[in-house]
């Protein structure tokens, strides 16, 4: 499943053929978010392997500023889903993980006042640590044929989520991850992406960017997926950047302050 | 190179044997930071494949809030290295990339005032987007036998780095990545990691954590690597959490504000 060839993956992503000599990267090029899971379990020792992959990722100065919390109890899973916009894949996935930015360990180690932990630098460091750990875990899971869906909605109700996960000061639930075997009839599609010439700049930032080509490819994708396509991708994306769209995530700042992260 | 077996990788990481039934994850479990690169070039089309891997990672709401800038000009590479603590792997690597948190595209798409782009939520979203893209690229590179080193020091002088990369408002160079073929005599070691029982919590956060076992394993690692080991890992880590250790990274907050990211 989800084993498109290099040529198919490239065509799907960029609407073009790969350059001669492009490396075969297999499943690493064919990621899609899976939201339809089978009920087949994923054994504990498989997950231990995936956690080992997560812990194999780089971590800034070996500080390991992250934790992961698995939520498997059925009633708790329902509650977790409710806090995350009630997305059905959170219910259905064999495993659900909350990834946590974790300065709590470092706080407990500090002999002097750990006054840098509230800084923007330490926040950024820990978000990067958590994200690259999660993504190596995702690559490992996909190499086994598993599917995943990141859950940004873990930040929808940050204070309630912290209470639900019993998080100490210095921690923050940054995103979730639903993981399991894709359902047999799962039709999750690989999405087209911005052209490499838009994302990849040479020597310095290229200020001349034109989304026209991508808007056209996304319009074709919306049509194929029977999605309403009255606006272009760039219009749709631009609309996301206004405050009313933030919902509970507008409260991240006061929540982080309450956790000792002033981001000064 | 760097192709330890599952048993070797697990022993190295956790000082123990893997559970029965752990999946074979190959190179995904044997990451280490490579700082000694050979002078062998990495072809452009290989990098195109790696960028395609990066773009295959999930991205929140398909907003693709990141960019990557390759710095290949030799004089510019020297300047980049100087801004990043003059680390020799930045000079020596076949490729050097700056990963960029990128709200600039979204700014240009917005019909109304994009007043959410300065929020903590949008900052977090973009840091996660950039980090998981980079890590999928890293997994792809390592699957080909390439080595990498993340460069957190890209944040050492955020304003100067922004000028060097000609970054527009709404962007931020979040970390670098040095990438190339490991030198033949590269002896980069896989580091031990915190036990899974410390990182992986069940149902809710486990407040009872004990670094003793890890401190002992790290002490053995320091000795093996001929590193001064007069303090434990937890003491060493705790010392990092004080403001004088932040250096130029203490300026992230005012720099981000100047880029339109107030993180409110």
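Kindly indicate whether residue A:217 is under 30 Å from residue B:137 (Cα atoms), free of Cβ contacts under 8 Å to residues at least 12 places away in the same chain and outside the structural domain of residue A:77 (by TED's automatic domain parsing).
no
Please state which of the following conditions residue A:63 fails to meet, knowing it meets all the rest: (1) more than 30 Å from residue B:235 (Cβ to Cβ); (2) crowded, with 17+ Cβ neighbours inside 10 Å; (3) more than 20 Å from the chain's Cα centre (by Cα).
Only one criterion is unmet by residue A:63, namely (1).
Consider residue B:58 against the criteria (1) within 16 Å of residue B:166 (Cα to Cα); (2) facing chain A (nearest Cβ under 8 Å); (3) within 19 Å of the chain's Cα centre (by Cα): it satisfies all of them except one. Which criterion is unmet?
(1)
Restricting the search to segment B:221-233, which residues are in contact with a helix residue (DSSP H, G or I) (Cβ under 7 Å, 6 or more places away or on another chain) and within 11 Å of chain A (Cβ to nearest Cβ)?
B:232, B:233
State all residues of segment A:218-233 that are in a helix (DSSP H, G or I) and under 23 Å from the mean Cα position of the chain (by Cα); if no residue qualifies, say none.
Correct list: A:218, A:221, A:222, A:233.
Report, by residue number, each residue of segment A:149-161 that is more than 9 Å from chain B (Cβ to nearest Cβ) and either over 21 Å from residue A:135 (Cβ atoms) or touching a strand residue (DSSP E or B) at 6+ places or on another chain (Cβ under 6 Å) (or both).
Answer for segment A:149-161, where residues must be more than 9 Å from chain B (Cβ to nearest Cβ) and either over 21 Å from residue A:135 (Cβ atoms) or touching a strand residue (DSSP E or B) at 6+ places or on another chain (Cβ under 6 Å) (or both): A:151, A:154, A:156, A:157, A:158, A:159, A:160, A:161.
With the requirement that a residue be assigned to a helix (DSSP H, G or I) and buried (at least 24 other Cβ atoms within 10 Å of the Cβ), what does segment A:143-160 give you?
Hits for segment A:143-160 are A:154, A:155, A:158.
State the number of residues belonging to segment B:162-176 that are in a strand (DSSP E or B) and facing chain A (nearest Cβ under 10 Å).
Of the residues in segment B:162-176, 5 are in a strand (DSSP E or B) and facing chain A (nearest Cβ under 10 Å).
Going by the structure shown, is residue A:250 within 7 Å of chain B (Cβ to nearest Cβ), assigned to a helix (DSSP H, G or I) and more than 21 Å from residue B:58 (Cβ to Cβ)?
yes
Looking at (1) away from every other protein chain (no Cβ under 11 Å); (2) part of a helix (DSSP H, G or I), which is the only condition residue A:236 fails?
Of everything listed in (1) away from every other protein chain (no Cβ under 11 Å); (2) part of a helix (DSSP H, G or I), residue A:236 misses just condition (1).
Can you tell me how many residues in segment B:177-209 are within 13 Å of chain A (Cβ to nearest Cβ) and either over 29 Å from residue B:155 (Cα atoms) or in contact with a strand residue (DSSP E or B) (Cβ under 9 Å, 6 or more places away or on another chain) (or both)?
The total comes to 19.
Residue check: is residue A:89 more than 9 Å from chain B (Cβ to nearest Cβ), under 28 Å from residue B:59 (Cβ atoms) and in contact with a strand residue (DSSP E or B) (Cβ under 9 Å, 6 or more places away or on another chain)?
yes
Could you check segment B:253-264 and list, in sequence order, the residues that are part of a helix (DSSP H, G or I) and more than 21 Å from the chain's Cα centre (by Cα)?
Listed by number, the residues that qualify are B:254, B:257, B:258.
Show me the helices (runs of 4 or more DSSP H) found entirely inside segment A:23-132 where at least 2 residues are farther than 30 Å from residue B:221 by Cβ, at pLDDT 95 or above and in the same structural domain as residue A:160 (by TED's automatic domain parsing).
The qualifying helices (runs of 4 or more DSSP H) are A:74-83, A:88-92.
The values are calculated or read from the model by the stated rules, or taken from the named source; none is laboratory data. These figures come from a predicted structure and were not determined experimentally. FYI the Cβ positions are ideal-geometry reconstructions off the backbone, even for glycines, and counts take in every protein chain you see.
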